[in-house]
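K.L.:
First the structure, which I've put down as structure tokens, then a few questions once you've had a look.
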Amino acid sequence: MTHIYKSRVATVYLLGLFIDLINMFMASVAFPEIGQSLQASVGSVAWVANVYTLGLTLVIPASTWLAGRHGDRAVFVASLGIFSVAATGAGFAGSIEALIAWRLLQGLGGGLLIPVGQAMTYRLYPQAERARLSVIVMACALLAPALSPLLGGYVVDRLGWHWVFWLNIPLALIALALAVLWLPPGESGEGQEPDITGIGLVSLSLALLLIGLSRFEHAGDPAVGAALVAGGVAAGWLLSRHARRRRHPVLDFRVLRDPLLRAAMLVYLFVPGVFTGVSLLNMFFLQSALGLRAVDAGTLMIPYALAAAVGMVLAGRLFNRIGPRALLLPATSAHAIGIALLATVSRPGDGLRMVAAFLLMGTGGGICSSVAQTLALLNVPPAWMNRASAVWNLNRQLSFCFGVALASLLLGQLLIHHHIADLVSARGNALLTQVFHLCFLIASLCSLIPLLLIWRLDDGHGRQLAKPSTPR
């Protein structure tokens, strides 16, 4: 009975994770058509992804309190209900502003799926089983980047961009039904009083940072963008001071005393996070610069997913034998080389180079994602799982959010510098191709940043599980 219960909870969590990821990768295929249909710039279209991730991120800090007060199942079901309503509205959006508003609500609705589901699941699995569970989690996550871009490209070409949002509704309703049937009601109570100040500071910091970065896309707004970013940094500093003084802060940064969690967060920020930005750039590059169809662009995620699956299997089998450092060093390098290889693609006939690039990114990214997921919660005791899960998932969402924001910022600035105002009219322009190549090279260099910390990892953590330690 215990095994069946664990499997059911894990299934509901994995379905929620899949729904979260499919919204990122399927929507990205439709961005070029959304931009043309709603007459929106690259930066504005990027906010369709950014605001969804922002909504996910803003609600994560409140996950621990909400789950404690209302119960895991109630929060999970309510999250899926709001998500479904917002997905319906996004499909009917008639302007970029309306679409962004619906995507924000969709993110707020779906933002509790991952931290609540992950905490429920990992509490049920002992430490010795978490590495294997992490491999299953990441393998499930592969289905989203593998299937959603291809499916999204087909839908965009045949039905239009509206359907990439409407197709999420059946999945959300299935997850909702399973949550009602399989998850126990759970205990609800008063719990700790919500950290209103902390939630406000988190929201303010993230909103100012992302809006500030988006302002740099416009040639006349660098001062405004810089002021907003500075305000976001200041709000983040106030949040850290507030968290140290409060007994039960919205984000308990004491969990960051675990060096494995810190290393995992850095790897996730600069590998999956950078790849999310590269994926956005590549969709515009293939469709706007090279003139490929959306379905052709989405097809490239299949070799990525297959290679990532191989990487995750290797990581799962070798983690306890050789440790994280021996896995992460070559994997991070392979991922960076794959991104750089995209800078050698100049025409639609360079298909083999595209496939090779995505195979390298997939293998490296699969290993890095799996190892990071394992390291993040490896040493966390059950009593601290909700707090560690909130911090880890906040970093996970920020990785995707800043990856997309910085990629769109970089592309927007380079387009301004080269006086390219319209991607559609510039199709086939050699200068436009050079702009994208430079973006890929810069992203490749950024993805190597984790190497500075990976060198210092102790591979003994892989050969022998460390004993759980409670932050003090």
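The values are calculated or read from the model by the stated rules, or taken from the named source; none is laboratory data. As the structure is a prediction and not an experimental result, all values here were calculated from the model. We place every Cβ from the backbone using ideal geometry, glycine too, and count neighbours over all the protein chains shown.
K.L.:
Among ARG241, ARG247, which is outside any helix (DSSP H, G or I) and out of contact with any helix residue (DSSP H, G or I) (no Cβ under 9 Å at 6 or more places or on another chain)?
P.N.:
Result: ARG247 is the single residue among ARG241, ARG247 that is outside any helix (DSSP H, G or I) and out of contact with any helix residue (DSSP H, G or I) (no Cβ under 9 Å at 6 or more places or on another chain).
K.L.:
Quick one: which of LEU181, LEU201, LEU176, LEU171 is modelled with pLDDT of 85 or more, under 30 Å from VAL233 (Cβ atoms) and assigned to a helix (DSSP H, G or I)?
P.N.:
Every option except LEU201 fails the conditions.
K.L.:
Would you call GLU187 exposed (fewer than 15 other Cβ atoms within 10 Å of the Cβ), at pLDDT below 85 and not hydroxyl-bearing (Ser, Thr, Tyr)?
P.N.:
Yes; evaluated as a whole, the condition is true for this residue.
K.L.:
Looking at THR88, is it farther than 22 Å from LEU394 by Cβ, among the polar types (S, T, N, Q) and either modelled with pLDDT of 85 or more or in a helix (DSSP H, G or I) (or both)?
P.N.:
When the stated conditions are applied, THR88 passes them.
K.L.:
Taking the stated definitions as given, is ARG456 assigned by TED's automatic domain parsing to the domain that holds LEU112 and within 25 Å of ILE136 (Cα to Cα)? So that I can check it myself, show each step before the final result.
P.N.:
Values: assigned by TED's automatic domain parsing to the domain that holds LEU112: yes; within 25 Å of ILE136 (Cα to Cα): no.
Here the answer is no, as ARG456 does not meet what is asked.
K.L.:
Let me ask you something else. Is it the case that LEU54 is assigned to a helix (DSSP H, G or I) and over 18 Å from LEU183 (Cβ atoms)?
P.N.:
yes
K.L.:
What is the one condition in (1) surrounded by fewer than 23 Cβ atoms within 10 Å (Cβ to Cβ); (2) more than 19 Å from SER134 (Cβ to Cβ); (3) touching a residue at least 24 places away in the same chain (Cβ under 8 Å) that VAL278 does not satisfy?
P.N.:
For VAL278, the failing item is (1).
This table checks each residue for (1) surrounded by 24 or more Cβ atoms within 10 Å (Cβ to Cβ); (2) among the aliphatic types (A, V, I, L, M).
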| site | (1), (2) |
| --- | --- |
| GLN36 | no, no |
| GLN39 | no, no |
| VAL45 | yes, yes |
| VAL48 | yes, yes |
| LEU54 | yes, yes |
| ALA62 | no, yes |
| ARG73 | no, no |
| ALA78 | no, yes |
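K.L.:
On the given criteria, is THR299 of a type in the set (Ser, Thr, Tyr) and either more than 22 Å from LEU359 (Cβ to Cβ) or in contact with a Phe, Trp or Tyr (Cβ under 9 Å, 6 or more places away or on another chain) (or both)?
P.N.:
Judged against the criteria, THR299 is not a match.
K.L.:
Hand me the list of helices (runs of 4 or more DSSP H) wholly inside region 292-406 holding 2 or more residues that are charged (D, E, K, R), out of contact with any Pro (no Cβ under 8 Å at 6 or more places or on another chain) and surrounded by fewer than 21 Cβ atoms within 10 Å (Cβ to Cβ).
P.N.:
301-322
K.L.:
For the structure I just gave you, tell me whether GLY412 is in a helix (DSSP H, G or I) and surrounded by 22 or more Cβ atoms within 10 Å (Cβ to Cβ).
P.N.:
no
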